[in-house]
Amino acid sequence: MKQKTLKQKKEEILNMSKDELTKEKWKKINEEDIDCSNCSNCFGCSNCSNCSNCSNCSNCSGCFDCSYCVNQKNKRYMIANVQFTKKEYEEWKKKH
C-alpha cells in the first residue's frame, strides 16, 4: 500500500469534520482537560503541559494552536500530528 504524501494527508484532514477527526483518527478525549499543567485556553486535552490554544490533544508539551495531536513537543499549527501553515490552520479553525 502506497504511503500518502503530506499534501494528501493535509487534504484529507482539512475535509474531515470534527466528529470524523475524533472518531476515526484519535481516541475520544473528555471535554474537560485531564491531568494538564500550566496550560491556557485549552479544551479536551489530557496529560499536556505548557500548551496554549490547543484542543483534543494528548501527551503534548509546549504546543500552541494545535488540535487532535498526540505526543508532540514545541509544535504550532498542527492538526492530527500533521504540520500546517498558520493560514491553513486558521482557515480550518474557522470551519470547526
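Worth pointing out:
- Eigenvalues of the alpha-carbon gyration tensor of region 30-88, scaled by 5 and square-rooted, set the equivalent ellipsoid semi-axes at 17, 10, 10 angstrom, largest first.
- Order by protection proxy (mean Cβ within 10 Å, highest first), peptides 40-49, 54-63: 54-63, 40-49
- For region 54-96, the number of Lys pairs with C-alpha atoms closer than 15 Å, counting only pairs eight or more positions apart or on separate chains, is 4.
Throughout, read-outs are computed from the coordinates displayed, never taken from laboratory work. These numbers were taken from a predicted model, which means no experiment stands behind them. So basically every Cβ, Gly included, is an ideal-geometry build from the backbone, and we count neighbours across all protein chains shown.
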